[in-house]
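Report on the following structure.
The values are calculated or read from the model by the stated rules, or taken from the named source; none is laboratory data. For clarity, every value in this text was computed on a predicted model and none was experimentally measured. Positions of Cβ are generated from backbone atoms using ideal geometry, with glycine treated the same way; all protein chains shown enter the neighbour counts. When the accessible area is computed, the model is the full protein with side chains, heavy atoms only, and any ligands, DNA or RNA have been set aside. Shrake-Rupley method; radii C 1.70, N 1.55, O 1.52, S 1.80 Å.
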Amino acid sequence: MKVSKTVKAILAQYESDNPGTKANLARMLSTGKLAGTGKMVILPVDQGFEHGPARSFAPNPAAYDPHYHFQLAIDAGLNAYASTLGMLEAGADTFAGQIPTILKMNSSNSWATTKDQSVTASVDDAIRLGCAAVGFTIYPCSDQALDLFEEFTMIAEEAKAKGLAVVLWSYPRGGELSKAGETAMDVCAYSAHLAASLGAHVIKVKLPSEHLEQPEARKAYEAGKIDISTQAKRVAHVMQSSFNGRRLVVFSGGATKGTDSVYQDARDIYAGGGSGFIIGRNTFQRPREEAIAMLSNIIDIFKGKA
Amino acid sequence: MKVSKTVKAILAQYESDNPGTKANLARMLSTGKLAGTGKMVILPVDQGFEHGPARSFAPNPAAYDPHYHFQLAIDAGLNAYASTLGMLEAGADTFAGQIPTILKMNSSNSWATTKDQSVTASVDDAIRLGCAAVGFTIYPCSDQALDLFEEFTMIAEEAKAKGLAVVLWSYPRGGELSKAGETAMDVCAYSAHLAASLGAHVIKVKLPSEHLEQPEARKAYEAGKIDISTQAKRVAHVMQSSFNGRRLVVFSGGATKGTDSVYQDARDIYAGGGSGFIIGRNTFQRPREEAIAMLSNIIDIFKGKA
Amino acid sequence: MKVSKTVKAILAQYESDNPGTKANLARMLSTGKLAGTGKMVILPVDQGFEHGPARSFAPNPAAYDPHYHFQLAIDAGLNAYASTLGMLEAGADTFAGQIPTILKMNSSNSWATTKDQSVTASVDDAIRLGCAAVGFTIYPCSDQALDLFEEFTMIAEEAKAKGLAVVLWSYPRGGELSKAGETAMDVCAYSAHLAASLGAHVIKVKLPSEHLEQPEARKAYEAGKIDISTQAKRVAHVMQSSFNGRRLVVFSGGATKGTDSVYQDARDIYAGGGSGFIIGRNTFQRPREEAIAMLSNIIDIFKGKA
Amino acid sequence: MKVSKTVKAILAQYESDNPGTKANLARMLSTGKLAGTGKMVILPVDQGFEHGPARSFAPNPAAYDPHYHFQLAIDAGLNAYASTLGMLEAGADTFAGQIPTILKMNSSNSWATTKDQSVTASVDDAIRLGCAAVGFTIYPCSDQALDLFEEFTMIAEEAKAKGLAVVLWSYPRGGELSKAGETAMDVCAYSAHLAASLGAHVIKVKLPSEHLEQPEARKAYEAGKIDISTQAKRVAHVMQSSFNGRRLVVFSGGATKGTDSVYQDARDIYAGGGSGFIIGRNTFQRPREEAIAMLSNIIDIFKGKA
Amino acid sequence: MKVSKTVKAILAQYESDNPGTKANLARMLSTGKLAGTGKMVILPVDQGFEHGPARSFAPNPAAYDPHYHFQLAIDAGLNAYASTLGMLEAGADTFAGQIPTILKMNSSNSWATTKDQSVTASVDDAIRLGCAAVGFTIYPCSDQALDLFEEFTMIAEEAKAKGLAVVLWSYPRGGELSKAGETAMDVCAYSAHLAASLGAHVIKVKLPSEHLEQPEARKAYEAGKIDISTQAKRVAHVMQSSFNGRRLVVFSGGATKGTDSVYQDARDIYAGGGSGFIIGRNTFQRPREEAIAMLSNIIDIFKGKA
């Protein structure tokens, strides 16, 4: 595995990590069609757990099979594949070594009666499955936020000690947050900063809107004359809020939508200096060839070719 | 113990498991009259704990004796016998090695004031009793669901590390679920998928009805033109939802009923590609000879002979 | 210590236990005037903790001294003495080896604001005090029942691994149970079955009344034509519910009452095949000579001589 | 260090303790002006934590300095000095070996919103600070009582295993207890018995009033014709309730008051056979010379000379 | 590193600490322009976590970069830099050995729905990052106070055993405390005493106002004729309440304000014998050169030169 200068520069930002963790970050950054560019496209598949199999896989029944997703990520030339314990176990041997995997360590589901998550795997599970990283979700505004931070802290410490990379999904929701606030600029930047402060290597947030949720933050944005008028500028501000770009941040675009809209998101992330795209339902709910074509275009965008 | 080609093909689906766990799955699949067929009939006896001894055993008082159930499972040629700690301890020596046992690790009872379970055994108890597997129950929709998932996660990790198989009873109840929802098609398929995602080797669900509980799932079923018009087709859809058939799924039929109804259930499971039947009260509450005759017919159905 | 054939037959029912635990069961069954008969009379003294010292010991002030109870149990020829940590510590050296002791591991008190217990000793405390067994109380119907089961499960596993016997006080109370339900036939039989299912070696329940509490259980009793018309038959039904007599079950009679009533209880337990009597306040609240005389009569009853 | 016959007789009552714990009990009983008498006067200083520094130390500002209390206890010839972690750490080296210390393991403060305590030290802290004992507070009637018992149980087991003595402050409060009930005769005797039952070596209670709180206890006192008409007789009854005098019990007199009243308390404790006095605010809130003179008189009372 | 006589005298007050902890206290006291004086100025940066990045860093965007703060603390000649896990990880290698760091072990954020904190790092994290100390925040009056004390107790014990110093932010809030009470004289002195009693090496409190919150404390202040009429005298009283000056206490001035006001605070702390200043937003929200000039003046004040 060749590690490019760009990747080496990124690794150098992870000043406190051991060689095992750096090697796993390097694996993700040096795999697939974006290898060496410092950019990443990741396939996440935990929607079956979160929303149920019919809502997730009925549009493209081949996706009921866990092998489908491994193969899709490999064939599309992605950087990594993230999923739940059972989904990764089901292909761990067949696809061993073919693509870096991220074990989602906690999950919720559509029946949950609180804004909370259940820890459904261990760091040692990630080790025995040969994963490059563990993934974890926090809900920064929920009543359970402080507990989720503590769970993450313990898992991240163990993962780092065992040479894994740590990916943190930072999804504001719950508490007194409005629905619009879940994608508000200030809330998104704060969520990314929290993830960086908690010690995540790779941060996952949603693309932010122009909305500002917190009155005191609004004042700071106005006083600081922070330009958030375009999606690309909002991405750039998220990167700034993530230790001035010292941390990898990948963005998601949310629910299924048209390809043009997806491409525009990718272009804005690229233009704003974001580290990449994490895209699930928009790929595996399309027919395979269509999904691969779309991912090919996205990759070209992140290569600066489209 | 001979391991058939069919069983070997099933074991190959468990890609991440160690030889100990595979050997225990093989033990269950290679025992009794269905040995080698890939099908299973399992006797579960935790009704004394769940509903009390009189409601469970008074119809057939011989069943008050824990030895009765071991012997029934052996004489009927079943694949495995599942029960609570005390019940297994009471026959552990007499029947050692005669039939694979599954230690039910958690239980509730008819006095419980929450939709929760109590962990009433340890993985090491299963080891010292020579069990082939541990069994666990989750209530996917209850307020305690996220906690139950976490308990299962810890137990399953330990059981797998110690070479045991893991059977997961996935019983939706509680929260906002309606009574009809407990056996709804979408809920049952989701519950099976959750069990697979949590890393279960063998999944236990109830036979689903045609009812669809969740509005958003209903849309997916209609859009996907998923045929759930017959019980056999519903079984097939549960198998699809269980990693496209990569996981063993056994079905239960619920409360005591007539033999014809039981046989029809068995035929539908078989026709739908289900892995087998788990049947308790319908056997041990009948006189022994009658139960054995009925189980013999069920086994013939799963052999494709009836 | 001679182990009689009767005791050997009882030990053989404990199929999963190690020689250490069997030896401690044998110690209790082979001590005192009932040694070798398979019957037991046990002195329990935790009333000072549960109800306070004045209510417990003022009627017979000699009983304020922990040594009094050791000596009473020894002089009366009982099988074992059960008490709290502090009470056993206070005589551990003076009476070392003179009588098997049971360390009560949890206790409540008359001020408790929930139907719960506090774990007030450890299994290692029992080991260092040379106890033959640990004792534990569950409240099967209370809101804390599932938690109490889990605490017992952990303690029982450790105790068995360390070669101790496990005595389980199964006292239904709390939740939706009526006062009459606390001694109802169905509830008592269920409680005994729960204790057996949880893996107890010796079960302690109250003598049941003819009352049936649970409507569904009532149907089962009527359908099964279970005869519970006399106290002896009710004892026999509790034994049946305790793994068809495979587990030792000792009965208590409750609050202080006249000797005739106590003797009748003992005769009914004996006639119903119960394993013995556990009798506290009715002994230590009487003058010592009177208590010893009464216990002598009770022992004669359990020898079949009275 | 010479151990008197009286002290040896006391140590012999601690039948289950290891030589380390007995040596530490002996250290406390063989230090100061009461060495060898079997009586103890202890200085406790946790009022700064419980009520704040101004209310505690402003009356005698020299007492703001942790060294002041060590020196006071030494110069007055007391048996032991009890305080919080920080207070003991602050003099641990200067006064090493000069006086036995008791580490208060839990504390509350005047802002607490529940009748609970916080565990603010560990047994290993006591070991590294060279303490003779650990101290712990329970609130027998509070909603947190069962939890406090469990915390004490774990700490006491560890302390005993590590050769420390265990002092238990048993302070009834909370729940349904009336204010008068906090010092009621029945409640105090019950609290002392609870402490003994929980395995404490030294019990600390308040001097009881003649009030009887619990109706059922009142009956027992009347039926038993227990004489509680004088403070000395009430002390004697507390000793009786503490395993018939087999446990050391020290009494406190509460808030600051006149010296005559303090001396009368001391005389009553001595007359009733109590083990000693634990006296804080009444000493360190007075000028040093005055406090030492008062303590000298108290010590004379416990020598039977005043 | 030279350790001055003044610093040696301070270290001697930490009687119970091991050489590792003393060396780390010495590192902080012997670094920067105040090295050897016994005074400290510390830069804390956890406002991004607590209030969000825009409110914290937008006024001076260079401060979005974690390296900025390390460099500011070094260039200004401060004693130590305190921050969260992620912030310290981001500069751990670049600035290794250049300035003592304090790992903030717990944090809250502006969305928290309770007066609680989340433990977001471990003592071992501090060790692997080469920190001199761990930092922790308690909210003495909140409903979570007793739990926070317990968390601190466990962390402090581990940190001391591993040779780290322990800094405790003692911030009264929540419960029945009024807003004015959060900086009341009595409350501040009590909070400092609590921190000392809990075993902190360095205590961080806010500068107190003349307000007295607790009626009983007010009486003690009046009876004791404690002079709290000037800020310097209030600082002196906090030092007195911190074991009569045996513990290092650093003060903060709160939100951003004018430099004159900051200098006056510094002069009052110095005049009252306080150990130093902890100053965050007032420095990093100003342009770098302005901040360094201001810190230079503050340092001169603590040298007694301004």
In region A:147-178, accessible area falls by at least 40 Å² from chain alone to full assembly (1.4 Å probe) for A:E150, A:T153, A:E157, A:K160
Row for region E:22-163, column shape: gyration tensor on C-alpha, a ≥ b ≥ c, rounded if a/c < 1.5 i.e. under 1.5, prolate if a/b over b/c, else oblate; value oblate
Given a Förster distance of 35 Å, the FRET efficiency implied by the Cβ-Cβ spacing of C:R267 and C:E176, rounded to the nearest 0.05, works out to 0.55
Over all pairs of different Cα atoms in the protein assembly as shown, the reciprocal of the mean inverse distance gives a Kirkwood radius in Å of 35.7 Å
Ranking B:G273, C:Q117, D:Q144 by how far each Cα lies towards the positive end of the charge dipole of the protein assembly as shown (+1 on Lys and Arg Cβ, -1 on Asp and Glu Cβ), the top one is B:G273
With the label set 7 Å along Cα→Cβ, A:T230 is separated from its counterparts in the other copies, in nm and shortest first, by 6.0, 6.0, 9.7, 9.7
Output ordering of D:245-251, C:198-204 (per-residue mean of other Cβ within 10 Å, highest first) is C:198-204, D:245-251
Looking only at aspartates and glutamates whose Cα falls under 19 Å of B:K305's and that sit 8 or more positions away or on another chain, we get B:D260, B:D265, B:D268
Of the candidates A:P100, C:M1, D:V249, the farthest towards the positive dipole end of the protein assembly as shown (Lys/Arg Cβ +1, Asp/Glu Cβ -1, centred on the Cα centre) is C:M1
If every Lys and Arg gets +1 and every Asp and Glu gets -1 at its Cβ, then about the Cα centre region E:1-76 yields a dipole, in debye to the nearest 20, of 440 debye
For B:G163, other-chain or 5+-apart residues with amide H closer than 5 Å (H placed, Pro excluded) are B:T21
Cα-Cα longer than 18 Å, checked against D:K104/E:K206; B:K2/B:K33; C:K179/C:K206; B:K22/B:K233, kept in input order, equals D:K104/E:K206; B:K22/B:K233
Given unit charges at Cβ for Lys, Arg (+) and Asp, Glu (-), the dipole magnitude of region E:39-302 about its Cα centre in debye, nearest 20, is 540 debye
Taking region B:104-225, the equivalent ellipsoid from its C-alpha gyration tensor has semi-axes in Å, biggest first, of 28, 16, 11
Here, GluC sites (Glu not before Pro) of region C:126-225 satisfying both criteria (DSSP loop; at most 15 other Cβ within 10 Å) are C:E176, C:E210
The size of the Cβ-based charge dipole (Lys, Arg +1; Asp, Glu -1) of the protein assembly as shown about the Cα centre, to the nearest 20 debye, is 2160 debye
Given backbone amide H placed at 1.01 Å from N, residues whose amide H is under 5 Å from that of A:R173, ignoring those fewer than 5 places away on the same chain, are A:C141, A:S142
Losing no less than 10 Å² of accessible area (probe 1.4 Å) relative to the isolated chain, the residues of region C:204-222 are C:Q214, C:E216, C:A217, C:A220, C:Y221
Averaged per residue, the 1.4 Å probe accessible area of region E:39-302, protein heavy atoms only, in Å², is roughly 29 Å²
Of all DSSP beta bridges with both partners in the protein assembly as shown, the antiparallel percent, nearest 5, is 5 percent
Row for region D:1-43, column shape: gyration tensor on C-alpha, a ≥ b ≥ c, rounded if a/c < 1.5 i.e. under 1.5, prolate if a/b over b/c, else oblate; value prolate
The summed charge of the B:S170 Cβ neighbourhood (under 13 Å; Lys/Arg +1, Asp/Glu -1) stands at +3
Of the accessible area of the protein assembly as shown, computed with a 1.4 Å probe and all protein chains kept, carbon and sulfur make up a percent value of 50 percent
Averaged over residues of A:185-196, the number of beta carbons from other chains lying within 10 Å of each residue's Cβ is 5
Largest first and rounded to whole Å, the semi-axes √(5λ) derived from the alpha carbon gyration tensor of region A:39-302 read 28, 22, 17
Inter-part gap, Cα centre of region D:1-56 to Cα centre of region B:58-82, in whole angstrom, is 62 Å
Region E:260-284 and region D:147-175 have their Cα centres apart by a whole-number Å value of 44 Å
Among residues of chain D, the one whose beta-carbon sits nearest the axis that rotates D onto A, given with its distance in integer Å, is D:D147, 11
Candidate span helices, chain C: DSSP H, at least 20 Å along axis from Cα coords, Kyte-Doolittle average at least 0.0, result C:145-161, C:288-302
Listed by chain and number, the residues whose amide H is under 5 Å from that of C:A82, excluding neighbours fewer than 5 places away on the same chain and using placed H, are C:L43, C:V45, C:I102
Length-normalised contact order of chain B, Cα under 8 Å, at least 6 apart, in percent, tallies to 17 percent
